[in-house]
1. Give me the pairs, please: first residue somewhere in region 363-376 and assigned by TED's automatic domain parsing to the domain that holds Ala93 and within 15 Å of Ala95 (Cα to Cα), second residue anywhere and part of a loop (DSSP other than H, G, I, E, B) and modelled with pLDDT of 95 or more, beta-carbon distance under 7 Å, and either six or more positions apart or on two chains.
2. Please tell me if Leu187 is closer than 30 Å to Tyr370 by Cβ, surrounded by fewer than 17 Cβ atoms within 10 Å (Cβ to Cβ) and either hydrophobic (A, V, I, L, M, F, W, C) or assigned by TED's automatic domain parsing to the domain that holds Asn383 (or both).
3. How many residues does region 197-216 hold that are surrounded by 19 or more Cβ atoms within 10 Å (Cβ to Cβ) and under 18 Å from the mean Cα position of the chain (by Cα)?
4. Within the set of pairs 6+ apart or on separate chains, which have a first residue in region 147-175 that is surrounded by fewer than 18 Cβ atoms within 10 Å (Cβ to Cβ), a second that is assigned to a strand (DSSP E or B) and among the basic types (Lys, Arg), and C-beta atoms under 6 Å apart?
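The values are calculated or read from the model by the stated rules, or taken from the named source; none is laboratory data. Model, not experiment: these values are computed from the prediction. Positions of Cβ are backbone-derived with ideal geometry, glycine not excepted, and every protein chain shown enters the neighbour counts.
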Amino acid sequence: MISFELSEQQQQIKEMTHWFAEYEMRPIAMEADKLGKVPDDWLDKVNQMGIHLNTSSFSSDDGSDKGQNRKREREGNRLGVLATEEIAWGDPAIALSLPGAGLGGPPIQSSGTPEQKQRFLSIFTKDKPRWGAYALTEPEAGSDASGIQTTAKKVDGGYILNGQKIFITNGGRASWVVAFATVDRSLGRMGQRAFVVEKGTSGFSCTKLAKKMGLRANETAELLFEDCFVPDENLLGGEALYEITNNKASGFQVAMKTFDSTRPIVASMAIGIARAAYEYTLDIVKREYPRHGKYFQLATEYLAEADQDITAARLLTWEAAWRADIGLENAKEAAMCKAFAGQIALDVCAKCLELLGPVGLENHLVEKLYRDVKVFDIFEGTNEIQHLVIARRQYAPFEIKV
């Protein structure tokens, strides 16, 4: 049975990350939003502190398998969601901008060869900030990841990639990008492969940085592959991953396995945003409005519902992370928590903005959070896609396709 009581280590991680969020992130959040970037000197400072954004824990990971790391790896998903909620409470755009492997880490950790894990994950050190990225979405393939059009043609010594990726978090500054391409479009999902494309590779470029409604301080890039040569050693998992399993472990499945790890992280970010808006609004209501008045009664009803929804989303997310840590299949639970948390976070921020009235509409924390949270019911799979994932597992015994 999953325990709702945090262990001593989990409580320490929660307290440490909350301190960091409150005293290091919040003070620069509004200015970073206006500037459209996180200050370089701040990123240098937190990198020196050893704070890296990986999706399995709030620490650096060099891909090694040292004995002292094994205990943390067994609860890495739980530590990850605890820490991520706190740093998203501090500021979600800054959280996504923290140096580290980011969303590119899980596919390398789960599917990479030992050499690839060491080569690509060992670069995240204190000497300078570095980033990894995950490139799946394309202009014609977003929610339907099976429809990617980027091609990978086998040539002597490697592959030639051609195609375009969009909405790639930290894609312009990443030292490497896990990119998905197809060796044969007629094979559908089974034709897909995952590659690690390194910055500076000929034919690989960042063509545009997006201007966005929310998460303005975080970089979102468009990437282009034009006759981009990627050597065999950068095929994620090596040829054996795609041969010995009789094509059952295609690049598409690498992508889907990644989502099982990252969707609880995204859910925890949405929870952190909702909690930030809720706590800020609750404090104002307590301080500035007389009790027993009509407005106070309306506000307490709204905020009680918000507290209820945030708690429910958190428990769904904890279950998905717990299942991943103990080795149980968690695709349905990951989809559930991501869909639910994204929607309730949007609802909570909207309610808080309504309660604050005109004061909350300009240069205000809750207004910013409302802009930031909108994407959380879209990226990592829209809510409609999450419902399809859930339905597939509900009806799997009857082999009904949805």
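1. From region 363-376, no pairs qualify.
2. no
3. Result for region 197-216: 3.
4. These pairs meet every condition: Ile160/Lys153.
A quick yes/no check of all residues on (1) among the hydroxyl-bearing types (Ser, Thr, Tyr); (2) modelled with pLDDT under 95; (3) over 21 Å from Ile378 (Cα atoms):
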site	(1), (2), (3)
His292	no, yes, yes
Thr300	yes, yes, yes
Asp307	no, no, yes
Arg323	no, yes, yes
Ile326	no, yes, yes
Glu329	no, yes, yes
Ala334	no, yes, no
Leu356	no, yes, yes
Val359	no, yes, yes
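For (1) of a type in the set (Ser, Thr, Tyr); (2) buried (at least 24 other Cβ atoms within 10 Å of the Cβ); (3) modelled with pLDDT of 95 or more, each residue gets a yes or a no:
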| site | (1), (2), (3) |
| --- | --- |
| Asp65 | no, no, no |
| Asn69 | no, no, no |
| Arg74 | no, no, no |
| Val81 | no, yes, no |
| Glu85 | no, yes, yes |
| Ala88 | no, yes, yes |
| Asp91 | no, yes, yes |
| Leu103 | no, yes, no |
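Per-residue answers, yes or no, for (1) touching a Phe, Trp or Tyr at 6+ places or on another chain (Cβ under 9 Å); (2) in contact (Cβ under 8 Å) with a residue 60 or more places away in the chain:
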{"residue": "Leu223", "(1), (2)": "yes, yes"}
{"residue": "Leu235", "(1), (2)": "yes, yes"}
{"residue": "Ala255", "(1), (2)": "yes, yes"}
{"residue": "Lys286", "(1), (2)": "no, no"}
{"residue": "Tyr295", "(1), (2)": "yes, no"}
{"residue": "Ala312", "(1), (2)": "yes, no"}
{"residue": "Leu316", "(1), (2)": "yes, no"}
{"residue": "Leu328", "(1), (2)": "yes, no"}
